[in-house]
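Visitor: Before I ask anything, let me first share the structure, which is written out below as structure tokens.
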There are 2 protein chains.
Amino acid sequence: MDLSLEPKNETDSPIAGLVSQFKKLPGVGEKSAQRLAFFILSMSESDVSTFSSELVTTRRSIQYCSHCFSISRQEQCHICLDPSRDLDRLCIVSDPQDVFSIEKTKSFRGVYHVLGGLISPLDGVHPEMLRIPELVARLKKHSYKELILAINSTVEGDATVMYLQSILKSFEVSISKLAHGLPMGADIDYADELTLQKALEGRILL
Amino acid sequence: MDLSLEPKNETDSPIAGLVSQFKKLPGVGEKSAQRLAFFILSMSESDVSTFSSELVTTRRSIQYCSHCFSISRQEQCHICLDPSRDLDRLCIVSDPQDVFSIEKTKSFRGVYHVLGGLISPLDGVHPEMLRIPELVARLKKHSYKELILAINSTVEGDATVMYLQSILKSFEVSISKLAHGLPMGADIDYADELTLQKALEGRILL
């Protein structure tokens with residue numbers, strides 16, 4: 001009934017444009033977008049222009065590493081260029097985000113291969129659309145000691161792991177995947193059944 | 001021990017600059033900042049540049065309305081310029097955000113006065129630093145039928161309301177404040193004691 005009022009109100013508000021830009025970001029609803037917009041108004045003009053130019057320059061300068069397909073500012077990423085990395089251990093992930101999460105643990109010193117997604121026929125993502133041919137090419141060129149599949153345990157993740165296992169079995173390489181179990185500090189009472197089941201199945205002898 | 005690694009890692013990451021910009025926003029921690037930065041990479045270059053320029057132009061073009069001190073793109077805000085508003089009802093709020101929240105309810109058609117903060121001697125905010133002289137000047141110029149104090153019920157808010165009551169009593173105007181009680185849809189079992197007490201005190205005869 002009152003629908004005609006909404007857009008009018010929207011254009012009338014002096015921060016409507018900025019609010020609608022913030023609302024495009026993931027996890028940002030109307031309320032948060034408004035709070036962020038008001039925060040921008042409270043920042044100095046120079047801070048806002050630094051933020052604004054960082055957005056544009058980062059977006060423009062980022063490319064995919066020609067070797068591992070993670071994100072990079074140069075043709076090859078800083079991990080592939082790092083001479084101290086263990087070139088015999090390859091960690092296979094779906095997205096560049098996962099590289100950053102694993103790097104933060106500081107417990108993997110090997111190199112990465114980013115698939116650029118997961119197999120999902122329902123969403124029209126087939127194996128040939130991922131960086132799987134490039135992975136096979138890397139395996140043919142270099143004999144790795146270990147491949148670590150660091151892939152989420154979802155329907156798409158499990159399908160991708162199964163597909164990778166089938167095409168990787170022709171290579172002489174040990175393949176591992178991440179352990180499932182209770183998160184650190186978690187309470188057994190509050191763990192979901194599947195997690196608890198995985199924690200039991202993967203129990204470690206003391 | 002390992003502290004020296006952190007900054008090195010930060011500069012190595014191709015999105016570190018953007019992540020640190022996002023971390024300055026309220027409610028955005030390391031993880032969310034990273035997620036937002038990766039989202040920016042997934043946007044088209046033109047969308048990012050629209051976002052970026054909206055930030056700068058909004059920050060630059062916003063000023064305070066000369067009349068009510070809410071935010072505005074012109075010298076006077078769209079509410080003060082709207083001829084359909086009831087000029088006899090004045091809603092007094094602490095911040096421009098509150099104007100937007102009340103406008104969303106579509107149940108107030110009067111005009112506003114934004115104090116620009118709340119009295120807080122501990123934070124060095126004294127009455128003369130708020131737009132209270134301007135409020136008194138408005139009251140002297142125009143005889144309002146009602147003043148609505150839409151001010152948070154915090155220590156600072158209550159102090160401001162008390163101060164306003166003391167200086168407003170010389171004017172012939174009815175003063176009201178927002179009702180306290182159970183939020184809509186709330187469960188009595190889960191309400192905090194103070195809210196339930198206010199709901200009881202403010203009970204409405206049927």
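The values are calculated or read from the model by the stated rules, or taken from the named source; none is laboratory data. Because the structure is predicted, anything quoted here is derived from the model rather than measured. Here Cβ is always computed from backbone atoms with ideal geometry, including for glycine, and neighbour counts include all displayed protein chains. These accessible areas exclude ligands, DNA and RNA; they are computed on the full protein's heavy atoms, side chains included. Shrake-Rupley method; radii C 1.70, N 1.55, O 1.52, S 1.80 Å.
Visitor: On the full set of protein chains, 1.4 Å probe, figure out the accessible area of residue B:30 and give it in Å² to the nearest 10.
Guide: 60
Visitor: Sticking with this structure for a sec: Considering only the other residues whose Cβ falls under 14 Å of the Cβ of residue B:142, what net charge follows from Lys and Arg at +1 and Asp and Glu at -1?
Guide: So the environment of residue B:142 carries a net charge of +1.
Visitor: While we're looking at this one, here's another question. What is the spin-label model distance, in nm, from residue A:138 to residue A:66 if the labels are put 7 Å beyond Cα along the C-beta direction?
Guide: Going by the 7 Å Cα→Cβ label model, 1.6 nm.
Visitor: On to the next question. Out of the total accessible area of the protein assembly as shown (probe 1.4 Å, heavy atoms of protein only), what percent is carbon and sulfur?
Guide: The nonpolar share, carbon plus sulfur, comes to 56 percent.
Visitor: If you don't mind, another one. If DNA, RNA and ligands are ignored and the probe is 1.4 Å, what is the ranking of B:200, B:135 by accessible area, most exposed first?
Guide: So the residues, ranked largest to smallest area, are B:200, B:135.
Visitor: Of the options B:107, B:97, B:155, report the single residue whose Cα projects farthest towards the positive end of the charge dipole of the stretch B:84-165 (beta-carbon charges: Lys, Arg +1; Asp, Glu -1).
Guide: Of the options given, the answer is B:107.
Visitor: State, to one decimal in nm, how far the label point of residue B:190 lies from the label point of residue A:85, with both points 7 Å from Cα in the Cβ direction.
Guide: 4.7
Visitor: Counting only protein chains, not ligands or nucleic acids, how are B:162, A:184, A:43 ordered by accessible area (probe 1.4 Å), most first?
Guide: A:184, B:162, A:43
Visitor: Run the label-point distances for residue A:187 please: 7 Å along Cα to Cβ, every other copy, nanometres, shortest first.
Guide: Here residue A:187 shows inter-copy label distances of 1.7 nm.
Visitor: Provide a whole-number value for the mean count of partner chain Cβ atoms within 10 Å of the Cβ atoms in peptide A:59-68.
Guide: For this peptide, the per-residue mean of nearby foreign Cβ atoms is 3.
Visitor: Say a label goes 7 Å from Cα toward Cβ at residue A:107 in every copy; what distances in nm does this one have to the rest, shortest first?
Guide: So the distances to the same position in the other copies read 5.4 nm.
Visitor: Follow-up. Between A and B, which A residue has the Cβ nearest their rotation axis, distance in Å?
Guide: Smallest Cβ distance to the axis, with its residue: A:52, 2.
Visitor: While we're looking at this one, here's another question. Once every DSSP H run of n ≥ 4 in chain B is given -39500 (n - 2.57) and the sum is divided by its residues, what mean residue ellipticity at 222 nm do you get, rounded to the nearest 500 deg cm²/dmol?
Guide: Estimated from H runs of four or more residues: -13000 deg cm²/dmol.
Visitor: Work out the charge dipole of the protein assembly as shown with +1 on the Cβ of Lys and Arg and -1 on the Cβ of Asp and Glu about the Cα centre, then indicate which of B:46, B:186, A:185 is farthest towards its positive end.
Guide: It is B:46.
Visitor: In Å² (nearest 100), what accessible area is buried between B and A, both sides summed, heavy protein atoms only, 1.4 Å probe?
Guide: Approximately 4900 Å², summed over both chains.
Visitor: Using a label point 7 angstrom from Cα along Cα-to-C-beta, what distances in nm, from shortest up, separate residue B:206 from the other copies?
Guide: List, nearest first: 6.0 nm.
Visitor: I'd like to compare A:104-114, A:14-24: which one has the highest average count of other Cβ atoms within 10 Å, and what's the full order after that?
Guide: A:14-24, A:104-114
Visitor: Follow-up. What number comes out for the charge environment of residue B:125, summing +1 per Lys or Arg and -1 per Asp or Glu over other residues with Cβ under 15 Å away? Let's see the in-between values first.
Guide: Working: positive: B:131; negative: B:95, B:123, B:128, B:156, B:158.
Around residue B:125, the charge tally is -4.
Visitor: Give me the percent of DSSP beta bridges within the protein assembly as shown that run antiparallel, rounded to the nearest 5.
Guide: 20
Visitor: Report the charge-dipole magnitude of chain A in Debye, nearest 20, computed about the Cα centre from +1 at each Lys and Arg Cβ and -1 at each Asp and Glu Cβ.
Guide: With only Lys, Arg, Asp and Glu charged at Cβ, the dipole is about 820 debye.
Visitor: What does the accessible area per residue of the stretch A:4-95 come to in Å², with a 1.4 Å probe and no ligands, DNA or RNA counted?
Guide: Working: 4350 Å² over 92 residues.
Per residue, the stretch A:4-95 has 47 Å² of solvent-accessible surface.
Visitor: Right, something else. If R₀ is 22 angstrom, what is the calculated FRET efficiency for the pair residue A:45 and residue B:53, using the beta carbon separation as r and rounding to 0.05?
Guide: Between residue A:45 and residue B:53 the formula returns 0.95.
Visitor: A follow-up question, please. Treating the beta-carbon of each Lys and Arg as +1 and of each Asp and Glu as -1, no other charges, what is the dipole magnitude of the protein assembly as shown about its Cα centre, to the nearest 20 debye? Could you put the intermediate results ahead of the total?
Guide: Numbers: 44 positive and 54 negative charges, 152 e Å.
Computed charge dipole of the protein assembly as shown: roughly 740 debye.
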